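Before any comments, here is the structure.
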Amino acid sequence: MKSLTWNDLPAHPDRWWGLPVLAAMRRDYLAVIAAQRPLGDLVCQRILGERGVDVFDPELLRVVMVDHADALIRWQRGPEVFAELMGQSVLVTEGATWQRQRRMLMQAFTPKRVAGYAALMTEAATAGLAGVQDGEVAMDVLFSHLTMDVISRTLFSTPIGGDTAAAAQAVQVLSETALAEMFWPFTLPDWLPLPGKAAKRRAQRLMHGLLGGHVAARRASGEARADLLGMLMALRDETTGEALSPREVYDQCMVSFQAGHETSATALLWWSWLMAAHPEAQARARDEVDAVLAGRAPGADDLAALPYLGATLKEAMRLYPPVAAVMTRRLTREITLGGVRLPARTLVRVTPWLLHRDPRWWPDAPLGFKPERFLPGPDGKLRDEIPRGAYIPFGLGPRVCLGQHFAVLEMTLIAALVLQRFELAPTSTDAPKPRMAVTLRPEAGLTLRLTSRTRS
Ligand code: HEM
């Protein structure tokens, strides 16, 4: 049988070298990828002479992302854009440098190590929630500030310092410009008097000033602390005994700060909306929290006793994966995928947003909020079988999220603290419209009505 090639794959007709597609991606990336899905599970698209393939089948996805991981690098635009802010961190490096950084950093993000940050996380969230008044609350602002404080305290043992609102605003500006620049073939120099460039420069200066100040102060004091920065400075490569260079320590701080708070804030944001919109699920999660914690602060050891709360968070990340599209990959050599030969340089696109909502992998209410699907039955197995590779909020393969244990712990602690203190109700019956910045945010923000439980 003749093997199939890239040219045999289904595709929409090419027009104007794909320029209209590029423009449409800038407006609404997910809509462009969603329009590919009806054509098949392996669908191609040509843009400016580049061949791209969308993979919509979980099994094929595993073949390419796990079995052929050694044939993948990231499409250069993602790393180019992210490296501008986060330098040569583990998020963007490749090959031997990435392997070394990943190997070393993993030591700081194991479940055991991460559990050691629980007290700092609870402290930050408790302080943040203490200032929240009953009434209509801008949840996007609340969670951005809370998670920023959590990552700052876990990194440096202190709150971010300076103006949290200004830092949150800077992160937002940088996310917006990163996404806009992603769909240009190259980044125009920042000194050009173009719209958005001045705001980007200001935001970058603010972030470098804040984080750089903390790192410099620690180096100057020579103090050894049990926080993430202390851990990064103490890391040694198991094989060579080498430490991370000062520049690498700084870049990893920046990446932890950036990758580590906006994603968790986004997940919590959608979770809070779903809790408000589903009062019965909210009540069940709250009852669980009350029964397990009896009013005390949660810790890392409580997670196993809060399965329903955990399931509500998982289901929120299914319906609204914070990283709705992972960074596009490029093949470094030819591979065969589902019987189709894909040549070197082909781009591979992976979109959790579509996998997580596909009725083939989620036959029971694919668009409904059903946390029970993530609850194990009496035999320890999930009630609904989820195909491997169909649920990937943290990505898959060797470049799976480095901070996933951190994120799950942080989100569960914050969610428990919120439910202990407040009842959440919607201010509008319309579900917020998702929009992909770097993470998937509600287009018009999110306001909920919070009522303090002690006063009710
Ligand atoms: C709900 C929260 C989070 C979500 C949904 C999430 C999601 C992801 C995803 C999907 C990837 C893979 C991207 C790709 O393959 O292109 C990733 C990578 C990464 N994440 Fe997370 N993340 C979260 C929280 C965190 C936290 C808290 C940290 C650190 C403190 C973190 C650090 C990283 C790093 C360093 C990478 C790059 C790993 C590598 O390339 O080797 N993330 N994350």
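The values are calculated or read from the model by the stated rules, or taken from the named source; none is laboratory data. Predicted model only: the values in this text are computed from it and were never measured. All Cβ positions, glycine included, derive from the backbone under ideal geometry; neighbour counts span all protein chains shown.
Side notes on the structure shown:
- Which listed residue is outside any helix (DSSP H, G or I) and closer than 22 Å to D149 by Cα, from A216, A226, A259, A267: A226
- The residues in segment 5-52 that are within 17 Å of V348 (Cα to Cα) and touching a residue at least 60 places away in the same chain (Cβ under 8 Å) can be counted, and the count is 17.
- Taking the conditions (1) buried (at least 22 other Cβ atoms within 10 Å of the Cβ); (2) closer than 25 Å to W98 by Cβ; (3) near the ligand (Cβ under 10 Å from one of its atoms) in turn, V438 satisfies each one other than (3).
- Only one entry in A297, A285, A311 is at pLDDT 95 or above, part of a loop (DSSP other than H, G, I, E, B), touching a Leu at 6+ places or on another chain (Cβ under 8 Å) and not charged (D, E, K, R), namely A297.
- Per this entry, L30 is counted among residues that are within 16 Å of the ligand (Cβ to nearest atom), at pLDDT 90 or above and in contact with a helix residue (DSSP H, G or I) (Cβ under 6 Å, 6 or more places away or on another chain).
- Checklist (1) over 21 Å from the mean Cα position of the chain (by Cα); (2) within 22 Å of R373 (Cβ to Cβ) applied to T427, failing item: (2)
- Scanning segment 251-267 for residues that are under 26 Å from L319 (Cβ atoms) and either of a type in the set (D, E, K, R) or more than 6 Å from the ligand (Cβ to nearest atom) (or both) turns up Q258, H261, E262, A265, T266.
- Selection from segment 396-411 of residues that are touching a helix residue (DSSP H, G or I) at 6+ places or on another chain (Cβ under 8 Å) and either small (G, A, S) or surrounded by fewer than 16 Cβ atoms within 10 Å (Cβ to Cβ) (or both): G397, P398, G403, A407
- Test: residue in segment 345-358 that is away from the ligand (no atom under 16 Å from the Cβ) and free of Cβ contacts under 8 Å to residues at least 12 places away in the same chain: no
- Residues of segment 372-394 that turn out to be buried (at least 18 other Cβ atoms within 10 Å of the Cβ) and either among the hydroxyl-bearing types (S, T, Y) or part of a loop (DSSP other than H, G, I, E, B) (or both), as a count: 6
- When V137 is tested against (1) aliphatic (A, V, I, L, M); (2) within 12 Å of the ligand (Cβ to nearest atom); (3) in contact (Cβ under 8 Å) with a residue 40 or more places away in the chain, only condition (2) is not met.
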